[in-house]
Structures are given as C-alpha cells and as structure tokens.
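So the structure is just underneath, and the comments pick up after that.
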Amino acid sequence: MLTPDQLAQAAQDLYHAEQTGVQTGLLSQRFEGMDMDDAYAIQDALVQRKLAAGEQIIGWKIGLTSKAMQSALNIDIPDSGVLFDTMHFDNGAHIPKGRFIQPRVEAEIAFVMKFGVSGANVTADDIRAATDYVVPSLEILDTRILRQDPNTGRARIIVDTISDNAANAGVVLGTKKHRIGDTDLRWVGAIVSRNGEVEETGLGAGVLNDPVESMVWLVRRLAQYGQGIRAGDIVLSGSFIRPIECPSGSQIHADFGGFGSVHIAFD
C-alpha cells in the first residue's frame with residue numbers, strides 16, 4: 001500500500017506530464033509491487049487534482065474489454081477511468097498539434113445516461129432502463145507515462161495504465177443517436193480508416209460479448225467505492241478494435257454503417 005505522500009506525488013507527476021507533454025517514468029518501476037488498488041488510488045488523486053484545477057467530470061471510460069487486450073497485459077478484467085469536460089471534442093474536430101503526447105484512437109459505442117444507476121446488484125436491464133441513448137464514438141488515448149523505460153527496457157503494465165486515468169485523453173461522439181432497444185449492440189460494427197486506408201474493423205460483441213455487460217461491470221466496480229453513474233454521464237463502453245496510432249496529419253474516419261460515423265483530424 002502506497003503512502004498518502006507517494007500517491008500525491010505520483011498524481012502530481014502525471015498531471016505535470018499532461019500539462020507539459022513530457023512523460024513521467026514507469027510508476028510500476030518506481031513503486032515495486034504496487035497493485036491495482038494502489039493504481040486506482042493514484043487515479044483518484046489525479047482526479048482530485050484535476051477537479052481542483054477547475055475541470056468537471058462528464059462520465060467514465062471502460063478499457064481493456066477485449067480478450068486480445070487483456071491477454072496482452074496478462075489480466076482478466078477491464079479497467080476504468082474518468083472523463084472530463086476538457087476531453088470532449090466535436091465530431092469532425094481538428095486536434096491541435098501538440099495537444100497530446102502519443103495519441104491513438106479506438107472505436108466504441110458510447111452510452112449517454114438518462115438516469116443515474118448504482119449498486120452491486122445492477123443488471124443489464126437496469127442499464128438499459130437508465131440509458132437515454134447510444135451513439136458511435138471515438139476515444140482518444142494518450143500516455144503520460146513512458147511506454148517503455150529506456151534504461152531497463154521494462155514496459156508499462158496495467159497498474160501504470162490505471163494510474164494514468166486508464167490512458168484516456170479525449171472523446172468524440174457521433175451525431176446519430178439511437179434508443180438502446182432498437183439495435184443489437186453486439187452486431188454494431190465499425191470500419192476505421194486513417195488517411196483513407198482501413199486500419200481496423202470490429203464488432204460490439206468484442207466488448208465482453210455485449211457492451212451492456214461492460215456497463216454492468218463498471219457500475220458494480222464503482223459500487224465498491226460508494227459511487228455510481230450519474231444522469232447525463234457519457235460512458236465509453238470499451239473498444240472493439242486495437243488502438244490506432246495517430247501521428248500529426250492523421251485523418252481518422254470511423255464508419256459504423258447505419259449506426260452513424262465519427263471523424264477527427266490530428267493537425
């Protein structure tokens with residue numbers, strides 16, 4: 001268990017890295033043996049730092065929902081992070097050069113909540129009843145922590161990612177809204193292109209077999225800390241594609257077919 005001073009310093013280092021664009025070192029290397037509880041405690045300290053700076057929470061993201069990504073990090077559960085108002089970008093937006101350190105994007109189905117929902121016994125039906133609508137979306141990922149230590153060669157691991165607010169950095173929502181009962185989200189797919197070339201494709205079923213189930217996981221996890229999803233929250237339910245690197249000049253288009261589309265550009 002990390003000390004309060006260690007938690008505060010780690011959170012400050014992550015905040016400073018985001019503000020300056022200079023990554024901090026691996027927390028898993030600084031704090032040998034840190035676990036996921038430590039990581040979420042650092043994330044919470046980072047969230048409090050952002051709130052103190054005037055940022056406002058607008059929802060949540062769920063990550064590592066696919067078997068492929070879980071296997072890559074040797075875990076068997078998703079992770080989660082907090083969305084802030086400073087992360088929201090309009091569909092079709094141009095992301096200024098230097099806004100992020102090493103941006104990547106993922107295609108996801110976003111839930112926008114009509115009612116709050118909480119509790120350890122939440123069900124898929126509770127999620128459906130609380131959802132206002134679902135929309136196609138892109139999540140922008142970034143890493144304020146080095147992906148690999150240049151001296152030791154050690155790569156970041158799950159506790160680094162969780163500490164870094166689950167690596168989330170931005171959210172772009174499509175404009176086509178859908179009632180959750182009108183579409184089988186397992187069959188909602190996307191073709192994601194960068195500069196006109198297809199990079200990734202996937203289906204909603206890649207997210208714990210059904211994006212609704214990832215929402216159930218999030219609410220149950222939050223219940224352990226006396227939290228829940230609020231009315232009006234945006235929740236990114238998890239990616240069904242691998243992250244796509246977005247160097248300067250990248251034009252990203254996610255075609256969800258009849259479900260809608262989302263596009264952004266990185267200047």
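All of the numbers you see were taken from the coordinates with simple rules; none came from a lab. Please read all numbers here as calculations on a predicted model, not as lab measurements. Backbone-built Cβ (ideal geometry, glycine too); neighbour counts: all protein chains shown.
List of remarks:
- Highest average first, the peptides 135-144, 12-21 ordered by how many other beta carbon atoms sit within 10 Å of their residues are 135-144, 12-21.
- Ranked packing of 115-126, 83-94, most packed first, by mean Cβ within 10 Å: 83-94, 115-126
- Going by neighbour counts of Cβ atoms within 10 Å, the residues ILE180, ILE162 line up, fewest first, as ILE180, ILE162.
- Inter-centroid distance (Cα atoms) of the stretch 197-267 relative to the stretch 94-131, Å: 7 Å
- Length released on extending from HIS88 to GLU55, taking residue separation times 0.36 nm less the Cα-Cα span: 10.7 nm
- Flagged links, alpha-carbon separation over 20 Å, of LYS50/LYS177; LYS67/LYS176; LYS61/LYS114: LYS50/LYS177; LYS67/LYS176
- When the square roots of the Cα gyration tensor eigenvalues are ordered a ≥ b ≥ c, the ratio a/c for the stretch 182-263 is 1.5 or more and a/b exceeds b/c, which makes its shape prolate.
- Bins of 5 Å, starting at 0 and running to the largest distance - Cα pair percent for the stretch 12-127: 2, 7, 13, 20, 23, 19, 11, 5, 1
- As a proxy for reagent exposure, ranking MET36, MET69 by other Cβ atoms within 10 Å from fewest up yields MET36, MET69.
- Cβ-to-Cβ counts within 10 Å put TRP217, TRP60, TRP187 in ascending order as TRP187, TRP217, TRP60, the fewest first.
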